[in-house]
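Every number here is computed from the coordinates shown, using simple stated rules; none is lab data. Keep in mind the model is a prediction, meaning the values are calculated, not measured. Note: ideal-geometry Cβ built from the backbone for every residue, glycine included; neighbour counts use all protein chains shown.
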């Protein structure tokens, strides 16, 4: 895994020393494995394929056969997730490596990074794994529950932050290897919802586990709601629960930025939508692609492509599957996975895209719905009081800003959707569109209170489902925020029966 990091660093720095370092590390690993001085065990067997990222990169540079042998040895000693599909349906109440959430998030890319070096046909095993994860453990924000191991399809089970950034990286790799846009649809949903929701705005604190319906973040008093994590795994802090997420969450946004552009035989692909800038050469000619946008909080994306000389190439732009209407220079074009612009580019060329959606309710299960608009999931924000918790741990004083926080709810959570009419409010002047106080978007709708008690045995967790979807109070006008703006929130909520019939 160290070599994987070196390879990504090389992609940014082009530091030639990296090649020699990776060569020596992998050659040493190969020699030790061949001489049987070491063998894969424990974590190694479940994550061995991460090493293939460095092996493939080095093989393309060196073309040395021992690298193919190294790949074969690692694969023979490693776990094959294609043979574990039934196990991935399980929810186990004891900690185990088979259903460990981060292992599974990484495993989605196992076939994609190994099949070429092992000379195997690609069978899209990742799709089989993903369908199981969605069906048995899926959440409303494109992740799966794992607190710490796979923990059933429920809005009150947790998803570990490490699993979120590893899931993003797997989606990025899967698109890079397959060019299938379904992985980009899944990538942006996780990126723009689950990732910002689990980080504080200043990035000093984060959660280990986040819940889709999260009404309080204080220690559970009697027992943990989580299947294999303790009663403080959902607190915000510099190093809550365990230090892995503190070390690992930082890869999320930078790797997403690196995924924005990809080369292909015909030219360039914009694979992820975001404000971004690319300077490269095509056929020896300098090309500069500038993308200005406030996506996902705005539907408009503005492009300028500048070339030193006339040059012909294709520029492909990812078009999300949620788009109801796509405008290219204000003219509608057919819905498709990619917009292809193939031409001779001369000096500066400008054009715009508009990706248009309407707010809509999406079923989560037979009782609960979520509000979605574009790639964003919206949640009912709960007024939140933060309490600083300063303490000493392992001889280190955890004072502000290194402290933990308890988050207390100061508004009611027990609401249902009472309308399928939604009004959009934008705030594109905010410095942080994922801010609770200044969100980039808000959606207003009618809601009503319902009978929704706490989960049995808890006083800080709402029940998985409400007791009834009969309203118990008058209609209220409520504003929902992007999920990533809310630390305490209700996301998966029922639709009142009368409103449900109107939708049918």
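Centre-to-centre separation between the Cα atoms of region 341-358 and those of region 1-29: 37 Å.
The spacing between region 74-131 and region 427-458, judged by their C-alpha centroids, is 36 Å.
On a per residue basis, the convex hull of the C-alpha atoms belonging to region 260-353 measures out at 89 Å³.
Once you wrap a convex hull around the alpha carbon atoms of region 2-193, what is its projected area averaged over all directions, in nm²? Please report the intermediate quantities before stating the final value.
On the way: hull surface 44.7 nm².
With the hull built on Cα positions only, its mean projection is 11.2 nm².
Place the peptides 453-462, 157-166 in order of packing, highest mean first, counting for every residue the other Cβ atoms within 10 Å and averaging per peptide.
Details: 453-462: 14.9, 157-166: 27.7.
The packing order, highest mean first, is 157-166, 453-462.
Stretching residue 85 away from residue 329 to a fully extended chain increases their span by 83.3 nm, per 0.36 nm per residue minus the current alpha-carbon distance.
A crude spin-label estimate for the pair residue 312 and residue 257, with each label 7 Å from Cα along the Cβ direction, gives 3.6 nm. With each label modelled as a point 7 angstrom along the Cα→C-beta vector, the residue 152-residue 390 pair spans 4.1 nm. Which whole-number percent of Cα pairs in the chain have a distance greater than 36 Å? Cα-Cα pairs of the chain separated by over 36 Å account for 36 percent. Between region 156-182 and region 261-315, the C-alpha centres lie 24 angstrom from each other. Taking the fewest neighbouring Cβ atoms within 10 Å as the starting point, the ordered list for 64, 76, 232 is 76, 64, 232.
Taking every Cα-Cα distance in region 101-243 and sorting them into 10 Å bins from zero, the calculated P(r) comes out as 12, 42, 30, 13, 3, 0 percent.
Across region 87-144 the C-alpha pair distances fall into 5 Å bins from zero in the proportions 4, 17, 25, 23, 16, 10, 4, 1 percent.
With only alpha-carbon atoms in the gyration tensor, what are the semi-axes of the equivalent ellipsoid for region 375-476, in Å, largest first? It would help to have the intermediate numbers written out before the result.
On the way: eigenvalues 200, 108, 19 Å².
In descending order, the three semi-axes are 32, 23, 10 Å.
Each 5 Å bin from zero up to the one holding the largest Cα-Cα distance in region 1-78 carries the following percent of pairs: 3, 15, 29, 26, 16, 8, 3, 0.
Report the semi-axes of the equivalent ellipsoid for region 344-426 in whole Å, largest first, where each axis is √(5λ) for an eigenvalue λ of the Cα gyration tensor.
Values: eigenvalues 309, 158, 28 Å².
So the three semi-axes of region 344-426 are 39, 28, 12 Å.
Subtracting the Cα-Cα distance from 0.36 nm times the residue separation, let me have the gained length for residue 94 to residue 302 in nm, one decimal. Please list the in-between numbers first.
On the way: separation 208, 0.36 × 208 = 74.88 nm, distance 5.04 nm.
Length gained between residue 94 and residue 302: 69.8 nm.
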